[in-house]
Amino acid sequence: MSGHDGVQGASGEAMGGRLVLLGNAIVDLVMRVPALPERGGDILSEDTTLTTGGGFNVLTAARRLGLPAVYAGAHGTGPFGDRVRADLAREGVEVVLAPLAEEDTGFCVAFVDGGGERTFATSLGAEARLTEAHAAAVLAALRPGDLVQISGYGLAYPVNGPVLASLVARLPEHIRVFLDPGPLADQIPEEVLAPVLARCDWVSCNQREGRLLTCRDDAREAAAALAARLGPRTGVLLRADADGCWVVPSGGEATHVPGRRVTAVDSNGAGDAHTGAFLALLGRGLDLTTAVRGANAAAAFAVTRHGPATGPTLDELLEFLAGEPLAARLTSALGR
């Protein structure tokens, strides 16, 4: 089943599916600063918040648009693990694995500068300790029509990478696979990345990640080059911030889907909002074009809000699109 075929025929199998995240839900310590300090320097944070982030942002974005969601990553025992599980429960996200008893969930320090750009430093925890027993439990929990999302963060982790690559290679053909290679795209071992790319139906990345994977600076060229590298079964989404994204359906040509101009206050989680919305709209049976335009709108909405998990609910998205043809299409397709 190709990514393109799966999209065009989504009104059947995908309607009963869930988003299953093979990623990492961790805690984010978000610090808003005027600018990053120089090396060896210091700067005062204007605002500091503690929130659940990582793969939680994708799950939340999809769940708020009506797609059932499942967290299939590892998590720990301690205050950070407790917080992650409480937030997943609040968003209605099912958890597959039991917590690891001897280690807490990890955390990330995220600096958001005056221009809305974010810079990260991550401390690994229980989420980076996947085992083959975990993989077997995840495989047993999958259902026909599920959409599996993989993060490059997990693939780059020394313990998780081989486990995830082996798990992905064993996924049934009725499972559609989506990869976001993430900022560590160039640090994923080839023996881990290659089998995952070979199984993917869709790869979604930003311009920097596209450049790391293809050595192309131009967004269209990077999208086309990545599609050529992946082969005819795999579609590509290359996110270009306010310029929207470039889409290459499996076996197709690169097409530009315009974005929306908004006043950005925080870009943290924008890519996750885009990914979660894209998966939710595909999973709810919408066609590729509508899903991509809806994802662009969801990401634009997200950057106008502070915080990493700022993907819109369906009502918020429809209000954001009020009077536009896309709003009417979403209303008609989703029964609102």
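The values are calculated or read from the model by the stated rules, or taken from the named source; none is laboratory data. Note that the structure is predicted; figures quoted are calculated from it, not measured. With ideal geometry, Cβ positions are generated from the backbone for all residues, glycine too; neighbour counts draw on all protein chains shown. Note: accessible area is taken over every heavy atom of the protein model, side chains too, but ligands, DNA and RNA are not part of it. Shrake-Rupley method; radii C 1.70, N 1.55, O 1.52, S 1.80 Å.
Filter the range 206-221 down to the residues that are among the acidic types (Asp, Glu) and over 20 Å from PHE278 (Cα atoms), then identify the one that is surrounded by the most Cβ atoms within 10 Å (Cβ to Cβ).
For the range 206-221, the residue satisfying everything is GLU221.
Please count how many residues of the range 21-53 are open to solvent by 30 Å² or more (accessible area, probe 1.4 Å) and part of a strand (DSSP E or B).
8
For every residue, the table says whether it meets (1) closer than 24 Å to VAL168 by Cβ; (2) part of a loop (DSSP other than H, G, I, E, B); (3) modelled with pLDDT under 95.
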residue: LEU67; (1), (2), (3): yes, yes, no
residue: GLY73; (1), (2), (3): yes, yes, no
residue: GLY81; (1), (2), (3): no, no, no
residue: LEU100; (1), (2), (3): yes, yes, no
residue: ASP104; (1), (2), (3): no, yes, no
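Step by step: first the residues of the range 119-161, then only those that are charged (D, E, K, R) and open to solvent by 20 Å² or more (accessible area, probe 1.4 Å), then the one that is farthest from ASP272 (Cα to Cα). Which residue is that?
GLU132
List every residue pair whose Cβ atoms lie under 7 Å apart, where the two residues are 6 or more positions apart in sequence or sit on different chains, the first residue falls within the range 305-318 and is over 20 Å from CYS108 (Cα atoms) and among the polar types (S, T, N, Q), and the second residue, located anywhere, is open to solvent by 30 Å² or more (accessible area, probe 1.4 Å) and at pLDDT 90 or above.
Every condition considered, the pairs that remain are THR313/ARG64.
Whether any residue in the range 146-158 is in contact with a Gly (Cβ under 7 Å, 6 or more places away or on another chain), aliphatic (A, V, I, L, M), within 17 Å of LEU282 (Cβ to Cβ) and not in a helix (DSSP H, G or I) is what I want to check.
Yes, that holds for at least one residue.
Tell me whether the range 55-76 contains one or more residues that are more than 20 Å from LEU147 (Cα to Cα) and surrounded by fewer than 23 Cβ atoms within 10 Å (Cβ to Cβ).
No, every residue in the range 55-76 fails to be more than 20 Å from LEU147 (Cα to Cα) and surrounded by fewer than 23 Cβ atoms within 10 Å (Cβ to Cβ).
Given the residues THR48, THR60, THR77, THR105, which is the only one that is in contact with an Asp or Glu (Cβ under 7 Å, 6 or more places away or on another chain) and closer than 26 Å to ALA298 by Cα?
Criteria check complete, one pass: THR60.
For the range 244-261, what are the residues that are open to solvent by 50 Å² or more (accessible area, probe 1.4 Å) and touching a helix residue (DSSP H, G or I) at 6+ places or on another chain (Cβ under 8 Å)?
Listed by number, the residues that qualify are TRP246, GLY251, GLU253, HIS256, PRO258, ARG260, ARG261.
Counting only residues that are at pLDDT 95 or above and over 14 Å from TRP202 (Cα atoms), how many does the range 229-244 have?
The total comes to 0.
Across the range 262-290, which residue is surrounded by the fewest Cβ atoms within 10 Å (Cβ to Cβ) among those that are out of contact with any strand residue (DSSP E or B) (no Cβ under 8 Å at 6 or more places or on another chain), in contact (Cβ under 8 Å) with a residue 60 or more places away in the chain and within 24 Å of ALA328 (Cα to Cα)?
ASP287
Take the residues in the range 162-205 that are open to solvent by less than 40 Å² (accessible area, probe 1.4 Å) and assigned to a loop (DSSP other than H, G, I, E, B), then tell me which one is modelled with the lowest pLDDT.
For the range 162-205, the residue satisfying everything is GLY182.
For PRO195, only one of the following conditions fails: (1) within 20 Å of GLY235 (Cα to Cα); (2) in contact with a strand residue (DSSP E or B) (Cβ under 8 Å, 6 or more places away or on another chain). What is its number?
Exception for PRO195: condition (2).
Looking at LEU88, LEU50, which one is touching a Phe, Trp or Tyr at 6+ places or on another chain (Cβ under 6 Å) and either at pLDDT below 95 or under 17 Å from GLY269 (Cβ atoms) (or both)?
Within the list LEU88, LEU50, the selection yields LEU88.
Looking at the range 223-336, what strands (runs of 3 or more DSSP E) fall wholly within it and have at least 2 residues that are of a type in the set (A, V, I, L, M, F, W, C), within 14 Å of the chain's Cα centre (by Cα) and closer than 30 Å to GLU190 by Cβ?
235-239
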